[in-house]
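Q: Here's a structure for you.
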Amino acid sequence: MELQVTDVAFGGKGVARTNGKAAFVPYVIDGETVSASITREHKKFLEAELESIVTASPHRVEPRCPYFGRCGGCVYQHIDYEHQLALKWRQVKETLRRIGGLKEPPMRPLIPSPIEYEYRNRITVHVRDGVVGFFRRESNKLLDIERCPIALNEVNAQLAELREGRPRDGHYTLRAGVGSRVFTQANDAVAAAMLDLVDRLLGPATGTLIDTYCGAGFFSKRLRGRFGKVIGIDWDQHAIAVAREDANENEVYVAADVEAELGPRLRSIGPPSDEGNRAVIVDPPATGLNKTIVETLMEHQPTQLIYVSCNPATLARDLAVLKKSFGIDSITPLDMFPQTAEIECVAHLK
Ligand SMILES: C[S@@+](CC[C@H](N)C(=O)[O-])C[C@H]1O[C@@H](n2cnc3c(N)ncnc32)[C@H](O)[C@@H]1O
């Protein structure tokens, strides 16, 4: 059937309406008319696959990767970069409205990636029965990958080397630069922009900073110079060991579950005082914050809260609760992962 695509939803699928139901079609662009076939019918929506483009969007471009459409990684290579950014910004806003109940989310302009391809400083590939690659789209089968155009050349050189060595079944994380087993941000230029942003948002804060889900201290290391004390919490012992290696006297790194550690730490530093305010950074995995952590933050009310999120849906869910105790000052999306559906956000609460 012919469908008019009106939007592209978070996750990358185009949205159209037919027979009173929403239909979701991958690899299309808002404004396009496409011919698609329905592949699954659910109670409230339909899933469809693109057959052909009837009227193309002016934003349509040629994907650069031969695996695009089959690989589970990228979903936007057929859309020019400017429009990818516009879509992601809108997706964040809509998610905050729909799930977060924020009527007018205080959105700031999206921070783009200066590099649209060849930006990833690490990839994880899987090996099974001689196939070395990524998972296929919506499948647990592997697609053999010789080169990933969103990864840095150095990472692709490692992939070539791995392939030549006929590796055993398993997962392999390939990284540019010195190898490390701990979490690191995947796009160096956007990671640097994110640090600048968080630094700017915190303004002249001076008291105690609690950096939760701190990893190897990505945020703490940048901010330690202007806080009297910095406490980093992460349950990854290796990351905490790396963070401790070059710690100054005012930095403490604790290997613990944030859920157990945050309350006691906030309690021990007491209420905001003349010596300065209290800032908390949370940078949780895609699942967001659990109820206990949200409650702890609401009970202890740090002066400033920076919520770094890699999932707008869980960010919106958590802000729906946090907004009862905090003012939401700004939300800034960042494009850490061009060509993919992923969106990073930094929310600033006071
Ligand atoms: C998105 S990474 C952020 C790391 C760091 N902020 C950075 O930018 O490099 C999430 C981190 O949360 C940690 N983590 C996940 N769940 C946790 C929990 N319940 N308690 C403590 N750390 C946790 C992981 O070990 C990981 O280092």
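The values are calculated or read from the model by the stated rules, or taken from the named source; none is laboratory data. These figures come from a predicted structure and were not determined experimentally. Note: ideal-geometry Cβ built from the backbone for every residue, glycine included; neighbour counts use all protein chains shown. Side chains included, ligands, DNA and RNA excluded: accessible areas come from the protein's heavy atoms. Shrake-Rupley method; radii C 1.70, N 1.55, O 1.52, S 1.80 Å.
Q: May I ask you to verify whether residue 147 is among the charged types (D, E, K, R), touching a Cys at 6+ places or on another chain (Cβ under 8 Å) and surrounded by 13 or more Cβ atoms within 10 Å (Cβ to Cβ)?
A: On the way: among the charged types (D, E, K, R): yes; touching a Cys at 6+ places or on another chain (Cβ under 8 Å): no; surrounded by 13 or more Cβ atoms within 10 Å (Cβ to Cβ): yes.
Spelling it out, it is not the case that residue 147 is among the charged types (D, E, K, R), touching a Cys at 6+ places or on another chain (Cβ under 8 Å) and surrounded by 13 or more Cβ atoms within 10 Å (Cβ to Cβ).
Q: Next up: Taking the criterion of being touching a residue at least 60 places away in the same chain (Cβ under 8 Å), touching a Pro at 6+ places or on another chain (Cβ under 8 Å), open to solvent by 30 Å² or more (accessible area, probe 1.4 Å) and under 23 Å from residue 197 (Cα atoms), would at least one residue in segment 116-133 satisfy it?
A: yes
Q: Checking residue 161 against (1) in contact (Cβ under 8 Å) with a residue 40 or more places away in the chain; (2) part of a helix (DSSP H, G or I); (3) open to solvent by 80 Å² or more (accessible area, probe 1.4 Å): exactly one of these is not met. Which one?
A: (1)
Q: Is it true that residue 236 is buried (at least 17 other Cβ atoms within 10 Å of the Cβ) and under 24 Å from the mean Cα position of the chain (by Cα)?
A: Working: buried (at least 17 other Cβ atoms within 10 Å of the Cβ): yes; under 24 Å from the mean Cα position of the chain (by Cα): yes.
Yes: the conditions hold for residue 236.
Q: Taking residue 345 and the conditions (1) more than 10 Å from the ligand (Cβ to nearest atom); (2) assigned to a strand (DSSP E or B); (3) hydrophobic (A, V, I, L, M, F, W, C); (4) open to solvent by 10 Å² or more (accessible area, probe 1.4 Å), which numbered condition does it fall short on, given that it satisfies the others?
A: (4) is the only condition that residue 345 fails.
Q: Given the criterion open to solvent by less than 50 Å² (accessible area, probe 1.4 Å), within 16 Å of the ligand (Cβ to nearest atom) and of a type in the set (Val, Ile, Thr), identify the matching residue among 254, 242.
A: Working: 242 fails: open to solvent by less than 50 Å² (accessible area, probe 1.4 Å).
Only one candidate qualifies: 254.
Q: Still on this structure: Would you tally the residues in segment 120-175 being among the basic types (Lys, Arg) and out of contact with any helix residue (DSSP H, G or I) (no Cβ under 9 Å at 6 or more places or on another chain)?
A: Here the count works out to 7.
Q: Output the number of residues of segment 101-129 satisfying the condition of being of a type outside the set (Lys, Arg) and part of a strand (DSSP E or B). I'd like the intermediate steps shown before the answer.
A: From segment 101-129, those of a type outside the set (Lys, Arg) are 101-102, 104-107, 109-119, 121, 123-127, 129; that's our starting set.
So of that shortlist, the ones also part of a strand (DSSP E or B) come out as 107, 111, 123-127.
Residues that pass the stated criteria total 7.
Q: Given the structure, is residue 292 near the ligand (Cβ under 9 Å from one of its atoms), out of contact with any Lys or Arg (no Cβ under 8 Å at 6 or more places or on another chain), assigned by TED's automatic domain parsing to the domain that holds residue 342 and outside any strand (DSSP E or B)?
A: Spelling it out, it is not the case that residue 292 is near the ligand (Cβ under 9 Å from one of its atoms), out of contact with any Lys or Arg (no Cβ under 8 Å at 6 or more places or on another chain), assigned by TED's automatic domain parsing to the domain that holds residue 342 and outside any strand (DSSP E or B).
Q: Does any residue in segment 281-295 that is closer than 23 Å to residue 217 by Cβ come within less than 7 Å, Cβ to Cβ, of a residue that is of a type in the set (Phe, Trp, Tyr) and open to solvent by less than 10 Å² (accessible area, probe 1.4 Å) six or more places away or on a different chain, and which pairs are these?
A: If the second residue must be of a type in the set (Phe, Trp, Tyr) and open to solvent by less than 10 Å² (accessible area, probe 1.4 Å), the pairs left are 281/219; 282/307.
Q: Which is over 22 Å from the mean Cα position of the chain (by Cα) and within 12 Å of the ligand (Cβ to nearest atom), of 261, 299, 249?
A: 261
Q: Right, another one. Can you pull out the residues in segment 227-239 that are closer than 21 Å to residue 200 by Cα and near the ligand (Cβ under 9 Å from one of its atoms)?
A: 232
Q: For segment 312-342, what are the residues that are open to solvent by less than 20 Å² (accessible area, probe 1.4 Å) and of a type in the set (Asp, Glu)?
A: 318, 335
Q: May I pose another question? Just need a number here: residues in segment 186-226 that are away from the ligand (no atom under 15 Å from the Cβ) and in a loop (DSSP other than H, G, I, E, B).
A: 7
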